[in-house]
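Worksheet for the structure shown next.
The values are calculated or read from the model by the stated rules, or taken from the named source; none is laboratory data. As the structure is a computational prediction, the values presented were derived from the model and not from experiment. Positions of Cβ are backbone-derived with ideal geometry, glycine not excepted, and every protein chain shown enters the neighbour counts. Side chains included, ligands, DNA and RNA excluded: accessible areas come from the protein's heavy atoms. Shrake-Rupley method; radii C 1.70, N 1.55, O 1.52, S 1.80 Å.
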Amino acid sequence: MAAFELERLSNYDDQSLINELKRVAELVSSDKLSRSDFNRLSKVHASTLHNRFGNWRKALAAAGLEDRFDDRTDMWSRDEIIGQLQAIARSTGKAYVTLNELGTQIGITQRPIRRIFGSYRAALEAAGLYQSLGGVRYTDEECFENLLTVWTALGRQPFYSDLSKPPSKVGPKAYVGRWGSWRKALQAFVERTNQDTSHEEPAEQTPEIKTYVHASPKRTSRNIPLGLRYKIFSRDCFRCVLCGQSPATSTPPIKLHVDHAIPWSRGGETVEENLRTLCEPCNLVKGARLE
Ligand SMILES: [Zn+2]
């Protein structure tokens, strides 16, 4: 009968984990030390070493055992992959995990995922994450609107990290996931902004349409496109043009609006010359005065 041994390690610091890895490595006679062999003989699960050292190869390297790592036999089980996906989702607080996160955090490649699940999407589904992925998928428009909100609140171009704090509602990873990098996401925003402001509204409606419109026809729509709002905020230095307050310097942060100086309902057009930045209080005062 084997000597009595605790089923748990008494200590979980790096050195204790390395010692455990070395102990198990001694027990395995084959050249390579697979995670499944390790799990069979160890008092600690291989996933604990993954989380501590980054991945299995790095854990072996930390114990001076890198030569016992074998890519071909580093087989992931279906349950392990599901467990890792769920663990990453918990640790990031996000309802989904990108393939890139899985790769960098756990060192797992697409190959075993394809082999076991058929596709990455199927793996996410199996981990109960694909549903949520749909739930948090923002449209380009929502991403741009959120970026404009943050930009306006800061009065400057946001950094990647600004997107993970209020008033941002869309995390920075959503941008990187969609556009490839933070810089490219900003570039897409700028392009969108230019597109909104350079495009000319049709100067006149066609006569056929005019016959159905009784009031004097308008050139522009009441809705102020995102790019134009950005341009007005930026022109007015992200401050209320009446009282000078800005979200970046007021506590609590004041909200800014783009206002039609001549109200749209009174013939004012949605054009740069008729638009200005107002804070919410000034905008309310103006609204009350017009009633
Ligand atoms: Zn104001």
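Per 5 Å bin, what percent of the C-alpha pairs of the stretch 14-66 does each bin hold, from zero upward?
Going from the shortest bin to the longest, the percentages are 5, 24, 39, 26, 6, 0.
Whenever you get a sec, compute what percent of the accessible area on the stretch 78-135 sits on carbon and sulfur atoms (1.4 Å probe).
Ligands and nucleic acids excluded, carbon and sulfur give 48 percent.
Roughly how many nanometres apart are two label points built 7 Å out from the Cα toward the Cβ at residue 222 and residue 178?
About 2.7 nm, to one decimal.
So if we plug the beta-carbon distance of residue 251 and residue 284 into 1/(1 + (r/R0)^6) with R0 = 22 Å, what FRET efficiency do we get, rounded to 0.05? Display every interim value, and only then the final one.
Numbers: r = 19 Å, r/R0 = 0.87.
Once rounded, the FRET efficiency stands at 0.70.
Per the 1.4 Å probe, what fraction of the accessible area of the stretch 14-66, in percent, lies on carbon and sulfur atoms? Don't jump to the answer; show the numbers that get you there.
Values: 1100 of 2560 Å².
After summing per-atom areas, the C and S share lands at 43 percent.
Can you compute the FRET efficiency between residue 242 and residue 194 using 1/(1 + (r/R0)^6), with r the Cβ-Cβ distance and R0 = 45 Å? Round to the nearest 0.05. Display every interim value, and only then the final one.
Details: r = 28 Å, r/R0 = 0.63.
Given R0 = 45 Å and the Cβ-Cβ separation, E is 0.95.
How would 80, 191, 273, 141 line up by accessible area, probe 1.4 Å, largest first? Show your work: numbers first, answer last.
Values: 80 35, 191 105, 273 155, 141 80 Å².
Result of the area sort, largest leading: 273, 191, 141, 80.
Taking a 28 Å limit on the Cα-Cα distance, which of the listed pairs 173/255; 43/173; 43/94; 94/184; 165/231; 231/286 fall beyond it? Intermediate results must be reported in sequence, preceding the final value.
Details: 173/255 25 Å; 43/173 36 Å; 43/94 30 Å; 94/184 22 Å; 165/231 24 Å; 231/286 22 Å.
Beyond 28 Å between Cα atoms: 43/173; 43/94.
When ligands, DNA and RNA are left out and all protein chains stay put, how many square angstrom of accessible area per residue does the stretch 78-135 have with a 1.4 Å probe? Display every interim value, and only then the final one.
Numbers: 3000 Å² over 58 residues.
That works out to 52 Å² per residue.
Taking the stretch 136-176, which trypsin sites (Lys or Arg not before Pro) meet the DSSP loop condition and have no more than 15 other C-beta atoms within 10 Å? Each step should come with its number before you reach the end.
Numbers: sites: 137, 156, 169, 173; in loops: 137, 156, 169.
Qualifying residues, ordered by number: 137, 156, 169.
Please work out how much accessible surface residue 230 shows to a 1.4 Å probe, ignoring ligands, DNA and RNA, in Å² rounded to 10.
Looks like 40 Å² after rounding.
How far apart, in nanometres, would the label points at residue 235 and residue 92 be if each is projected 7 angstrom from Cα along the Cα-to-Cβ direction?
4.0 nm
Between residue 126 and residue 70, what length in nm is gained on full extension when 0.36 nm per residue of separation is reduced by their alpha carbon distance? Show your work: numbers first, answer last.
Working: separation 56, 0.36 × 56 = 20.16 nm, distance 2.67 nm.
Difference between extended and current length: 17.5 nm.
Under a 1.4 angstrom probe, counting protein chains only, how are 278, 186 ranked by accessible area, largest first?
On the way: 278 0, 186 20 Å².
If we order 278, 186 from most to least accessible, we get 186, 278.
Which whole-Hz couplings ³J(HN,Hα) result when phi for each residue of the stretch 11-26 is put into the Karplus expression 6.51 cos²θ - 1.76 cosθ + 1.60, θ = phi - 60°, listed in order with x for Gly and Pro?
9, 10, 6, 3, 5, 5, 5, 5, 4, 5, 4, 5, 4, 5, 4, 5
Report the calculated FRET efficiency for residue 47 and residue 27 (r = Cβ-Cβ distance, R0 = 22 Å), to the nearest 0.05.
On the way: r = 20 Å, r/R0 = 0.89.
For residue 47 and residue 27, the calculated efficiency is 0.65.
With θ taken as phi - 60° and the coefficients 6.51, -1.76 and 1.60, list the Karplus ³J(HN,Hα) couplings across the stretch 100-107 in order, rounded to whole Hz; mark glycine and proline as x.
The phi angles translate into 5, 4, 4, x, 6, 7, 10, x Hz.
In terms of modelled amide H atoms, which long-range or inter-chain residues lie less than 5 Å from the amide H of residue 255?
280
Quote the charge dipole size of the stretch 78-135 about the Cα centre in Debye, to the nearest 20; the model charges only the Cβ of Lys and Arg (+1) and of Asp and Glu (-1). Please report the intermediate quantities before stating the final value.
On the way: 7 positive and 4 negative charges, 29 e Å.
That gives a dipole near 140 debye.
Full-extension gain between residue 40 and residue 274, please, as 0.36 nm times their residue separation minus the C-alpha to C-alpha distance.
Values: separation 234, 0.36 × 234 = 84.24 nm, distance 7.32 nm.
Length difference between fully extended and current span is 76.9 nm.
Pull out the extension gain between residue 61 and residue 79, defined as 0.36 nm times the separation in residues minus the alpha carbon to alpha carbon distance; nm, one decimal. Spell out each step's value before the answer.
Working: separation 18, 0.36 × 18 = 6.48 nm, distance 2.49 nm.
Additional length available on full extension: 4.0 nm.
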